[in-house]
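Working notes, structure below.
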Amino acid sequence: MTKHVLLAAVASASLLAGCQLTPQDRSNIGLLGGAAAGVLTAQALDANEEWTILAGVAGAAAGTLYARNTATGNCAYSNGDGTYTVRPC
């Protein structure tokens, strides 16, 4: 049942991708898509329940950050000394 719910969330997020989205909508879609990707990856690797939850949380965080980054059009580039420069991608 959980797989079906996650697949439905990913499918609906994909359908919304072509619409004009607010930054909050983009973050929400990134959150759902990242969480779904994390959980599905953990299940594909036969992870136990604790690792599956952790993968879902990590995927949600990564998806949200990715959505925010694409909304601004900026990327962080490493300077090689531990600092970063933010400029257009």
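No value in this document is a laboratory result; all are computed from the given coordinates. Computed from a predicted structure; not experimentally measured. No Cβ is skipped: glycine too gets one built from the backbone with ideal geometry, and neighbour counts run over all protein chains shown.
Table for the structure above
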| read-out | value |
| --- | --- |
| Distance in nm between pseudo-label sites at T83 and T22 (7 Å out along the Cβ direction from Cα) | 3.7 nm |
| Sorted by Cβ neighbour density within 10 Å, fewest at the top, the residues I53, I29 | I53, I29 |
